[in-house]
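Here the structure is laid out as structure tokens; the discussion comes afterwards.
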């Protein structure tokens, strides 16, 4: 009798364990739960892509504004040169040639990253926009600005 009782209890425990494992597997492979997880991950990726796109659009708009400013400056310079040449071709031409040469040297000389970060910050741009524009990390931009502000106060690092 004890053998049959032991066998029945053993079979009952196996059935109970199978039932527990089956319930757990069904919960983990529930299509609704899997779809909810995938949906949440996709929404996160879309939000991240939107932030990146907004940042890229801001950088492009800033570059377009800078190019428009450079074009306006070039137009003014050409206009000034034409006016000056019409008034006194010989004397003014030499002065403008020297001025143009000086400007060309200034424009060709590359600015350091530090100088560019400081210039953009002084023009009112935030650290994250500067980082996007110069392809730097935000922490790097903030470090450059903090070192620069320390030098302005007379400290050296």
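The values are calculated or read from the model by the stated rules, or taken from the named source; none is laboratory data. This structure is a prediction, so every number in the text was calculated from the model and none was measured. Please note: Cβ atoms are built from the backbone with ideal geometry, for glycine as well, and neighbour counts cover all protein chains shown.
Some notes on this structure:
- Cβ-Cβ under 6 Å pairs, at least 6 apart or on other chains, the stretch 44-60 side under 20 Å from residue 126 (Cβ atoms), far side assigned to a helix (DSSP H, G or I): 55/132; 59/132; 59/133
- Yes/no for residue 39 being outside any loop (DSSP other than H, G, I, E, B), loosely packed, with under 10 Cβ neighbours inside 10 Å and either within 31 Å of the chain's Cα centre (by Cα) or at pLDDT 90 or above (or both): no
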